[in-house]
Structure formats: structure tokens, C-alpha cells
Amino acid sequence: MHQQVSEEDIKSKMDKIKHKIAVMSGKGGVGKSTVTALLAVHLAKKGKLVGILDADFLGPSIPKIFGLEGKKPVSGIDGIEPILSAKYGIRIMSIQFLIPHKEVPVIWRGPMIAGVLKDFLGNVSWGNLDYLIFDLPPGTGDAPLTVMQTVPLDGIVMVASPQELTASIVEKAINMAYTMNTKIIGLVENMSYYKCPDCGRIDKLFGEGKSEHLAKKYNLNLVAKIPIDPQLARLCDRGLVEEYEVDHFSEFEL
């Protein structure tokens, strides 16, 4: 899938979507795709019409988390139809759906990534949505830049984990958003702690989180602290994230 789309094509599709949110991180391995999935499920449970654009072309995780590996989209009147999640009908598009086998790598340079991302914006039949969530790849490269330059985002949800290194790197992503005049809706600290299911003891396995410091430094809302939860990990591995009952985004507001 790589055909030229115009700015009008993209605007036409994006105008049908009330709110557009990007989930971003400074580095990989912080659970950004899991956070994207949990936020989408939170909104869908509230009766909102939700879509996810998996913009992490080099490491797409959303199809696995929602149990959609092996699905293939079809073309409709208004473009390529997203794949619907099993329980809440979340409309999902990922490069994973368009490659022959899940083990096949996407080996593309930046301009190709930017071009196909624009294809997803202008050629996918997103329909009328309340929310479209962009699962961005880690860092400050081509895909985040393309989304911020092309889509009128309502804002970014920034994901970090408690480690000192992650906190320092996520500041680069925060400053990229500010440079691009993009609002940061809030900060999520993932893998924040582990709570023993038997005794209730809380262990901060990765140390004391730096999220409060980052939130204060940049005047951000700390919208969620998500613990290490083996049940969540098992459900994501099985493609059943929609079955996870805990809502960590009860305080989320756009």
C-alpha cells in the first residue's frame, strides 16, 4: 500500500474524527503500545467510537495485543477498512495487516515510512470516530514528526517508566512536542510498582519514579501510574487486552 494521497484526502478523513491523540515515548520498552490499548479500551467502555493507528511500523504490537494477527483488511467504498477488535469494535490499522507473515521485517528508510503513514491517514476508511489514537514509535524520528506536521492533534500522552535513564530521555520527546506546538495532555508512568496479590505489599522494582519531578518541571498532569501486573501481561500475550477489567485511566480528561 503506497499511493499518493493529497492533503485534501487526509483532511477529509481527519475532519470526521472529533479527537486525535498520540501516545509517545522517548525510548522503547516502556509499554507504550500497552498504554495505547488500555486508553482505547477505557474510552470504548465509555461508549466512545475509537480507532487506533499503529504508527510503529518497525515494531508493530497492537495487532498482537488485540488478538488480530493474521487479519487482512479489505477495500471498501471509502478506502481500506480497518480491522475491528473483538469486544468493543475498536477500529485498528497496522502495517502488520499488510505484510505476508508476522516474522517479515519492515526495512524502510524514513521517507518511505512517512509516505505510508500518510497513506494510512488518507486512504483508510476511519469513518466518524470520537477518538483516533496514534501509537507512535519511540523517539523523535520520522513517524512522530510526520504525525505532528500532518494531523491537528488534540495532544500527546507521554509514557515513561520509573528509571532515571528513561526520565531523562522522555524529556527529549516532551521538548519535541513543545517545539512542534503540540499540547501534552499528560504523563503516564508505566511499570510504576508491583503490588503483591497476597500481602498487598508494594515494591518499586525500578526505583522511585521520576514522573512527579517531570510533571512538576514541565507543568504536566500525571494522569496514571500503571503497576506491573502479570494478569495484564498474560492477557496482552493472548490478544485479550479487552478482557482486562482494571481501569487505570479513570482520571483521564482531554
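Read the figures in this text as sums done on the coordinates, not as results from a lab. All figures in this text were calculated on a predicted structure; none of them were measured in a lab. Here the Cβ is made from the backbone with ideal geometry for all residues, glycine too, and neighbour counts use every protein chain on show.
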Please work out the Cα center distance from the stretch 115-165 to the stretch 187-244, rounded to the nearest Å. 22
For the chain, what is the mean residue ellipticity at 222 nm derived from helices alone (per DSSP H run of n ≥ 4: -39500 (n - 2.57); sum divided by total residues; nearest 500 deg cm²/dmol)? -9500 deg cm²/dmol
Pairs of Cα atoms under 8 Å, at least six residues apart: use those to get the relative contact order of the stretch 46-181, whole percent. 30
For the stretch 51-56, in order, what is each residue's ³J(HN,Hα) by Karplus, 6.51 cos²θ - 1.76 cosθ + 1.60 with θ = phi - 60°, in whole Hz (x at glycine and Pro)? x, 10, 9, 7, 8, 8
Just rank H19, H248, H213, fewest to most, by other beta-carbon atoms within 10 angstrom. H213, H19, H248
Checking the table K16/K48; K172/K210; K172/K204; K11/K172; K46/K204; K183/K216 against a 20 Å threshold on Cα-Cα, which pairs fail? K172/K204; K11/K172; K46/K204
What does a probe at K46 reach in the stretch 145-176, counting residues whose amide N is under 20 Å from the point 7 Å along Cα→Cβ? 153-159
For the chain: span of alpha carbons on each principal axis (Å, largest first): 55, 38, 35
Model label zone, K216; criterion: amide N under 17 Å from point 7 Å along Cα-to-beta-carbon; scope the stretch 145-175: 164, 167-168
Roughly what would the spin-label model give for L58 and E245, points 7 Å off Cα along C-beta, in nm? 4.0
Over the chain, what relative contact order in percent results from Cα pairs under 8 Å that are six or more residues apart? 27
If R0 is 30 Å, what FRET efficiency do you get for Q149 and C196 from their C-beta distance, rounded to 0.05? 0.05
